[in-house]
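A quick write-up on the structure given underneath.
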Amino acid sequence: AGGAADCSFWIRRLRSEAKLHELSEGKPISVARASRFLSSALYQNRHLDLSVGTMIMGYDSLGASIYYVDNTGVRIKGDMFAAGSGSTFALGILDTERRYEMTQDEAITLGIKAIRHATFRDAYSGGYIGVYLVTEHGWKKVFSEDLALSVKHYQKDNVDE
């Protein structure tokens, strides 16, 4: 969440730092270290009035981790986050429907529902959904949707003739 240029830059910067760490240390960067790097870098640049709010997540030697990091350098570890202007709408769905023992398919379906809910109710949210599954084996994209195309298709199919 945040400004596209700011987020894009910091994603590339963090990716570079992670690759450098892996080359110099011989092992992947931990989720905690990656989030700490981003938090520190954003804190050091807080005077630039950046617009960044993101989640850093993954598996490492300590298991699954997720952190929220924003442009002020705030870094919070938790078990569930939503970021961006539509996050309150997404959290409304997640808070009421999440269970700790969900199957992967149930979790993916819930993620899609929460993001759709946020996107349709928040004028500042983007119109593209990308859902990724993060496991101990890595991450993969499991769902994508351009809501503008979906809405046009829905409207076309439901027009009274």
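The values are calculated or read from the model by the stated rules, or taken from the named source; none is laboratory data. Note that this is a predicted model, so its numbers are computed, not measured. Reconstructed Cβ throughout: ideal geometry from the backbone, glycine too, with neighbour counts over all protein chains shown. These area figures cover heavy atoms from the full protein model, side chains too; ligands, DNA and RNA do not enter into them. Shrake-Rupley method; radii C 1.70, N 1.55, O 1.52, S 1.80 Å.
Pairs exceeding a 22 Å alpha-carbon distance, out of K19/K113; K77/K113; K27/K140: K19/K113; K77/K113. Straight-line reach from K141: taking Cα to Cα under 14 Å and skipping same-chain neighbours fewer than 8 places apart, the aspartates and glutamates in range are D105. Summing Cβ point charges (Lys, Arg +1; Asp, Glu -1) relative to the Cα centre of the chain gives a dipole of roughly 580 debye.
Between Y128 and L147, the built amide H atoms are under 5 Å apart, and every one of these is 5 or more places off in sequence or on another chain.
The stretch 55-93 and the stretch 1-31 have their alpha-carbon centroids 16 Å apart. Proximity of backbone amide H atoms, modeled 1.01 Å from N, is registered between I29 and E22 at under 5 Å, excluding neighbours fewer than 5 places apart on the same chain.
For the stretch 75-81, the Karplus equation 6.51 cos²θ - 1.76 cosθ + 1.60, evaluated at θ = phi - 60°, returns couplings of 9, 10, 8, x, 10, 6, 9 Hz by residue, with Gly and Pro reported as x. Counting protein heavy atoms only, the chain has 53 percent of its accessible area on carbon and sulfur, 1.4 angstrom probe. Backbone geometry of the stretch 111-121 corresponds, through the Karplus equation with coefficients 6.51, -1.76 and 1.60 at θ = phi - 60°, to 3J(HN,Hα) couplings of x, 4, 4, 5, 5, 4, 4, 5, 5, 6, 9 Hz, x marking Gly and Pro.
Heavy atoms of the protein chains alone define the surface here; on that basis the chain has 67 Å² accessible area per residue at 1.4 Å probe size. Which percent of the Cα-Cα distances in the chain go past 27 Å? The proportion of pairs with Cα distances above 27 Å equals 31 percent.
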